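Values in this text are rule-based calculations from the coordinates and carry no lab data. It should be emphasised that the depicted structure is a prediction, and the values quoted were computed from it without experimental measurement. With ideal geometry, Cβ positions are generated from the backbone for all residues, glycine too; neighbour counts draw on all protein chains shown.
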Amino acid sequence: MELAGSTAFVTGANRGLGRHFAEQLLERGAVVYGGARNPDSIDLPGVIPIALDVTDADSVAAAAKAASGVSLLINNAGSYTGASVTDGSMDDIRLEMDTHYFGPLAVTRAFVPQLAQHGGGAVLNVLSVLSWITYPGYSAYSAAKAAAWSLTNALRNELAAQGTQVSALHVGFMDTDMASHVVDSPKSDPASVARLALDAVEAGDVEILADAGSRHVQVGLAGGVVALYPQYA
Ligand SMILES: NC(=O)c1ccc[n+]([C@@H]2O[C@H](COP(=O)([O-])OP(=O)(O)OC[C@H]3O[C@@H](n4cnc5c(N)ncnc54)[C@H](OP(=O)(O)O)[C@@H]3O)[C@@H](O)[C@H]2O)c1
């Protein structure tokens, strides 16, 4: 899909990766709506702020009504609670699922008619290498990102008829607030990740692997559980 002249809606556009998406889409000649829980926190001149909490059905409906002509939806908003599935709080575990699974599901459904009216357009779901592998400290987040991976595949199947391209971005740690607790692992530059992902959407790629770690784990999927978790060999 061509980004110049498109109209994009980015969730969580006020900071982190989403802000880079919004900035670079503007540079590429798109009209950009920036969804944010606090629209006053959108500080990029040219981005049209729209109030959006992806976990709130009324907010999602109002955001879709406030925007028009959207041909690219980027489901970027994300939360990280650090909750464990065995002893974390159920509220945190539900928040991860609400933000990463039910949120993008509701937002995508709300924008499907606009995408259809504009030649099908495209959806980019920001997933993670943790859609495919999990570690202690990331289990509730990983489960939600795994659900979002399946959702992405399902949306691709079900929106193909209206010509909507649905892409998944898999990425490891990036240098944003979400990964500020990470001090002993390399982190990708979110501006570079946004650039790579937008190039890939423009090229029609449906699966976008942003780093070596994501490529390594994707290969490991074919080896079954013990390829990714050798401790169970
Ligand atoms: N950082 C990493 O290492 C990493 C790695 C792989 C994948 N990811 C994914 O990349 C995406 C962007 O994350 P990031 O690294 O840019 O994190 P970030 O800097 O923490 O930004 C998260 C963004 O999501 C927004 N958000 C959270 N809950 C929301 C809700 N209910 N409704 C609307 N917006 C909401 C936040 O808005 P507020 O300002 O209102 O909180 C903020 O704009 C996420 O999907 C994340 O899971 C991140």
Take the alpha carbon atoms of segment 7-232, find their radius of gyration, then divide it by 2.2 N^0.38 Å using N residues; give the quotient. 0.97
What FRET efficiency do you get for Asn153 and Ser41 if R0 is 30 Å and r is their Cβ-Cβ distance, rounded to the nearest 0.05? 0.40
Separation of segment 84-147 and segment 185-233 by C-alpha centroid, Å? 17
GNM on the chain, Cα springs under 10 Å; top mean-square fluctuation among Asp58, Asp184, Asp40 goes to Asp184
³J(HN,Hα) computed for each position of segment 96-108 - Karplus, 6.51 cos²θ - 1.76 cosθ + 1.60, integer Hz, glycine/proline x: 4, 5, 4, 6, 9, 10, 5, x, x, 4, 5, 5, 4
Choose one answer from His216, His20, His100: the residue with the largest mean-square fluctuation in a GNM of the chain with alpha-carbon springs under 10 Å. His216
Amide H within-cut-off set for Met174, under 5 Å, with H built and near neighbours excluded: Ser188
Quick one: helix 16-27 against the long Cα principal axis of the chain, what's the angle to the nearest 10°, folded into 0 to 90? 40
Show me the GluC sites (Glu not before Pro) within segment 1-84 that DSSP assigns to loop and that have at most 15 other Cβ atoms within 10 Å of their Cβ. Glu2
Let a ≥ b ≥ c be the square roots of the eigenvalues of the Cα gyration tensor of segment 91-210; is it rounded (a/c under 1.5), or, if not, prolate (a/b larger than b/c) or oblate? oblate
Per DSSP H run of n ≥ 4, the term is -39500 (n - 2.57); total these for the chain, divide by its residue number, and report the mean residue ellipticity at 222 nm rounded to 500 deg cm²/dmol. -12500 deg cm²/dmol
Applied in sequence order to segment 140-148, the curve 6.51 cos²θ - 1.76 cosθ + 1.60 (Karplus, θ = phi - 60°) yields integer Hz couplings, x standing for Gly and Pro, of 5, 4, 4, 4, 5, 5, 5, 4, 5
Under a 5 Å amide H to amide H cut-off, with H placed in plane at 1.01 Å, what residues pair with Leu124 once short-range neighbours are removed? Leu73, Ile74, Asn75, Ser167
Could you work out the relative contact order of segment 7-232, using alpha carbon pairs under 8 angstrom and six or more residues apart, expressed as a whole percent? 17
Under 1.5 on a/c is rounded, so check that first for segment 1-110, then, if it is not, pick prolate when a/b is larger than b/c and oblate when it is not; a ≥ b ≥ c are the square roots of the alpha carbon gyration tensor eigenvalues. prolate
Most exposed first by the Cβ proxy, i.e. fewest other Cβ within 10 Å, how do Phe21, Phe111, Phe102 rank? Phe102, Phe111, Phe21
Using a/c under 1.5 as the rounded threshold, could you call segment 140-233 rounded, prolate or oblate? The axes a ≥ b ≥ c are square roots of the C-alpha gyration tensor eigenvalues, and prolate needs a/b larger than b/c, oblate otherwise. oblate
Based only on other Cβ atoms within 10 Å, what is the fewest-to-most ordering of Ile50, Ile133? Ile133, Ile50
